[in-house]
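The structure under discussion appears below in the form of C-alpha cells.
Read the figures in this text as sums done on the coordinates, not as results from a lab. This is a predicted model, so every value here is computed, not measured. Heads up, the Cβs are rebuilt from the backbone with ideal geometry, glycines too, and the neighbour counts pull from every protein chain shown.
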Amino acid sequence: MQHVKTDFCPKMKRQCVDEEYDRPNRITICHRFREEKGRCEAPRVPLDYCIDEFEFPNRRGDKPPVMVSFFDAEAACAGAGKRVCRESEWVAACEGPEETPFPTGWRRDPQKCNFDNKWVSPILDRIYAKQPEIQSAELLRLDRSQASGSRPECKSGFGVFDLTGNVDEWVRADHEREHRRSRFAALKGGAWGHVRNACRPVTTSHPPDFEYYFIGFRCCADPAPT
C-alpha cells in the first residue's frame, strides 16, 4: 500500500481548454486542462491513509475482478483487513501531490492509461445469466481491461496505478447525496471506454447493489499506529 498524507481540496476549480460533448453518453469530456494550479473553493481537509497500489486484489499482473457491487467490495476489503476507499481519498491519490486533474498530468492520455477502447454492445441477458458458462463467455467477449500495472505510465504522483480507466471503482461518499440512486456509494475513474477518465468526475446514478461488466474496486486502510 501507499501512505498518503495531504491536505485535500473538496472543491477544486480548473479551466478546461479542450473539451468534447459526447452525445451518446450525454457527458462532457475534458481532454486538457490549463496547466496552472487550481483554485480551491472550500476549506482543505487533512487526510492520512493508505491505499492499494493496484485494483483489487492488489497484485501487479492480475486482472481486477468485475461484476461486484459496493457491498461485495466492502466485504472483500474487510476480509483483507482494509476498507473501501472514501471518495476524497481516491481523488487525492489520483491527483497526487501536485494536484493535477489526471494521474498522469494535465492531459487525458489513452496512450498512458487504458481507456478509449472501441465500445462493444453488451447482451444484458448473458451478463446476468445464472449459468456461469454463459455469463463468463459474455464477460470475456466484452472485456477490455488489462492486468494491473501493465501500463507503467498510468501512475499518480503518489505511486498508485490505474486510477483512471481499466475498470470503474467503487468508493464511499464523504457525504450522502440526497435524491441520487447511490446516496453513500459512488463510482470513480471511468472504465476502459470513452468516458470522463479524470480524477474529479463521479457517477452516482447506480445503487450500491449494482453489478456490471466493467465495475471493480480497490481498498484503503487507516495508517498503522506509530
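The calculated FRET efficiency for the pair ARG44 and HIS175, based on their C-beta separation and a Förster distance of 25 Å, comes to about 0.95. Over the stretch 2-221, the Kirkwood radius and the radius of gyration, each from Cα atoms, give a ratio Rg/Rh of 0.95.
Legend note: in the chain, cysteines whose Cβ sits 4.7 Å or more from every other cysteine Cβ are CYS50. Legend: residue pairs LYS11/LYS112; LYS11/LYS63; LYS112/LYS188; LYS37/LYS118; LYS37/LYS63; LYS82/LYS130, Cα-Cα distance threshold 28 Å; pairs beyond threshold, LYS11/LYS63; LYS37/LYS118; LYS37/LYS63; LYS82/LYS130. Amide H contacts under 5 Å for ARG86: ARG172, restricted to partners 5 or more places along the chain or on a different chain, H placed in the peptide plane at 1.01 Å from N. Averaging Cα coordinates gives a centre for the stretch 123-154 and one for the stretch 63-110; these two points are 19 Å apart.
Counting Lys and Arg as +1 and Asp and Glu as -1 over every other residue whose Cβ lies under 14 Å from the Cβ of ILE51, the net charge comes to -2.
Across the stretch 208-214, coupling constants 3J(HN,Hα) worked out from phi with the 6.51/-1.76/1.60 Karplus curve, θ = phi - 60°, read x, 8, 6, 10, 8, 6, 10 Hz, and Gly and Pro carry x. Overall, the stretch 2-221 carries a charge dipole of about 320 debye about its Cα centre when +1 sits on the Cβ of Lys and Arg and -1 on the Cβ of Asp and Glu, all other atoms neutral. A helix-only calculation puts the chain at -4000 deg cm²/dmol for mean residue ellipticity at 222 nm, using -39500 (n - 2.57) for each DSSP H run of at least four residues, averaged over all residues. Dividing the mean sequence gap of close Cα pairs (under 8 Å, 6+ apart) by how many residues the stretch 2-221 holds gives a relative contact order of 28 percent. Computing FRET efficiency as 1/(1 + (r/R0)^6) for LEU124 and ALA75, where r is the C-beta to C-beta distance and R0 is 30 Å, gives about 0.75.
When peptides 63-71, 121-129 are sorted by average Cβ neighbour count within 10 Å, with the highest value leading, the order is 63-71, 121-129.
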